[in-house]
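For reference, the structure discussed in these notes is given below.
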Protein chains: 4
Amino acid sequence: MTPVMNATDLQAFLARDFGQVAADFTVERVDGAGVCLRLKVAERHLRPGGTVSGPAMFGLADVAMYLAILSRIGPVALAVTTNCSMDFMRKPAAGQDLRAEARILKLGKSLAVGDVLVFSEGVVEPVARAGLTYAIPRATG
Amino acid sequence: MTPVMNATDLQAFLARDFGQVAADFTVERVDGAGVCLRLKVAERHLRPGGTVSGPAMFGLADVAMYLAILSRIGPVALAVTTNCSMDFMRKPAAGQDLRAEARILKLGKSLAVGDVLVFSEGVVEPVARAGLTYAIPRATG
Amino acid sequence: MTPVMNATDLQAFLARDFGQVAADFTVERVDGAGVCLRLKVAERHLRPGGTVSGPAMFGLADVAMYLAILSRIGPVALAVTTNCSMDFMRKPAAGQDLRAEARILKLGKSLAVGDVLVFSEGVVEPVARAGLTYAIPRATG
Amino acid sequence: MTPVMNATDLQAFLARDFGQVAADFTVERVDGAGVCLRLKVAERHLRPGGTVSGPAMFGLADVAMYLAILSRIGPVALAVTTNCSMDFMRKPAAGQDLRAEARILKLGKSLAVGDVLVFSEGVVEPVARAGLTYAIPRATG
């Protein structure tokens, strides 16, 4: 499916509507499968020992899937996360950026489902995976 | 990673150790990424209306991941499922076989994590997805 | 919230609409919180070693939540499971019945969410837990 | 089971080992079932519109379960989250504190499993629920 918003559109959307966190993220790629989003890891994302915190990884996966949905349906809808199941598999490298590969598996009228692999710079295998469901509000006339 | 059991090995393992359900499944492919397993859908897998039941889809995903782990570590270990998070996205076609593509994402000393996409013959997009964790018992001397 | 179907109503519903599996289940209790459902464990629910299989536990949790939803909204709707995340925590006792305590946490217009604890006769602590989401179809005029 | 750390102990542990986030949380209660933890909601936890963000709710559930485990096994172990499945059910009240009720369902030698209900001040029903698994490192001699 052809995206209706590209990486520049999504980055501008983040800056406008999510000013608080927009600077944390770079939209690296948008295509028919989904979105690649980078988390520019900073001090506030770290746990003692220098590893990226669980909430920071959750936030990355959540925003990546949100942007993947918007890339398909445009910036009008107010989708909300209803479920996220996340497996934390490996410790991310200390102080390195994370990259989320979000893939849409279903884009229905009321629910969107997808999954995300999270990679840490310098680690070949994924550090986390997530399955996410978003509720898409009905359009009103 | 190179599998240590191939499709024939896994099918023989099922027949010997899971006689009750072995006839339901065909191991279609084993490779470095994981396993493809077919559920030969029969009357007992169906819900009213002819669609495959949730437990049958869960069972397919669970066995597919189990076999993917065994393909890597051999038939000795007694791995047990500790978590499964499954999204049911589309109605499978009535009375058609299902196919599970299981992929191993982490194979640690005590935990293995992977995900599964479930396809219904004649439906292009996946009907379900699952993330699964297995506990692998410690070898004892 | 007051149930609109009691245990007898739900048992009759199962027998009529889910003839294939109805004999496996006994509705033990329905109240404002949810439903208690018993799985009468038989040979076909067992894995080698006599323990209840994962799919049988999944099926029990799924039917228990389904009946809990129906107890609130009546037998008209055709709710479908969209997500189930299940933790398998302990081995059920060999050949003993299982009991599911299903609790509704949200009953919205389009989504219902709840959780389930699964107990094995003779084991004090729960053997499994699940969180489930059901999509509730819109009523049509 | 009797806790080995009480609310004061856990609060001191947070302050010492998680200085970055300790000020966000108040341990309200520790008992044999688990822990009640309050998130003192501040600007940085909010999404546009004033509602608490998903990552903030995830972080609350995660820390609550972590403290519940430590209340049982003491401050020595370095438990890590391996899985979290979370349902977001209702919008939290704008700018109000959240309260997590974490309950331990299994405390094994290598895995701990529990669930969490998240409440928003002024909303009767829970706004979110989560099931979490932690890996507990083996003690070394």
- Note on the structure: Taking region B:90-120 and keeping only residues that are crowded, with 22+ Cβ neighbours inside 10 Å and away from chain A (no Cβ under 14 Å), one is left with B:LEU98, B:ALA100
- Only one of A:LEU14, A:LEU67 is over 20 Å from A:LEU105 (Cα atoms) and among the aliphatic types (A, V, I, L, M); which? A:LEU14
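Here's the yes/no breakdown for (1) on the phi > 0 side of the Ramachandran plot; (2) in contact (Cβ under 8 Å) with a residue 60 or more places away in the chain; (3) surrounded by 24 or more Cβ atoms within 10 Å (Cβ to Cβ):
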{"residue": "B:VAL35", "(1), (2), (3)": "no, yes, yes"}
{"residue": "B:HIS45", "(1), (2), (3)": "no, no, no"}
{"residue": "B:PHE58", "(1), (2), (3)": "no, yes, yes"}
{"residue": "B:ALA68", "(1), (2), (3)": "no, no, yes"}
{"residue": "B:ARG72", "(1), (2), (3)": "no, yes, no"}
- Item | Filtered residue count, region D:32-78, keeping only those that are more than 9 Å from chain A (Cβ to nearest Cβ), touching a Ser or Thr at 6+ places or on another chain (Cβ under 9 Å) and either under 16 Å from D:ASP17 (Cα atoms) or in a helix (DSSP H, G or I) (or both) | 4
- Counted residues in region C:84-121 being in a strand (DSSP E or B), among the hydroxyl-bearing types (Ser, Thr, Tyr) and either over 19 Å from B:ASN83 (Cα atoms) or modelled with pLDDT under 95 (or both) come to 0
- In the list D:THR133, D:THR81, which residue meets the criterion of being buried (at least 16 other Cβ atoms within 10 Å of the Cβ) and either within 11 Å of chain C (Cβ to nearest Cβ) or not in a strand (DSSP E or B) (or both)? D:THR133
- Message: Exactly one condition in (1) farther than 19 Å from A:LEU98 by Cα; (2) free of Cβ contacts under 8 Å to residues at least 40 places away in the same chain; (3) of a type in the set (Phe, Trp, Tyr) is false for A:PHE13; which is it?
- Response: (2)
- Among B:LYS91, B:LYS106, the single one that is of a type in the set (D, E, K, R) and more than 30 Å from A:GLY108 (Cα to Cα) is B:LYS106
- Note on region A:7-27: residues more than 11 Å from the chain's Cα centre (by Cα) and outside any helix (DSSP H, G or I) are A:PHE18, A:ALA23, A:ASP24
- Query: Does B:ASP87 satisfy the criteria of being touching an Asp or Glu at 6+ places or on another chain (Cβ under 9 Å) and within 13 Å of chain A (Cβ to nearest Cβ)?
  - Reply: yes
- Message: On the basis of being in contact with a helix residue (DSSP H, G or I) (Cβ under 6 Å, 6 or more places away or on another chain) and either within 20 Å of A:PHE58 (Cβ to Cβ) or at pLDDT 95 or above (or both), does D:THR81 make the cut?
- Response: yes
- In this structure, does C:VAL124 turn out to be assigned to a loop (DSSP other than H, G, I, E, B), among the β-branched types (Val, Ile, Thr) and within 14 Å of chain D (Cβ to nearest Cβ)? yes
- Answer residue from region A:16-65, given it is more than 23 Å from A:THR2 (Cα to Cα) and hydroxyl-bearing (Ser, Thr, Tyr) and is modelled with the highest pLDDT among those: A:SER53
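The values are calculated or read from the model by the stated rules, or taken from the named source; none is laboratory data. This is a predicted model, so every value here is computed, not measured. Note: ideal-geometry Cβ built from the backbone for every residue, glycine included; neighbour counts use all protein chains shown.
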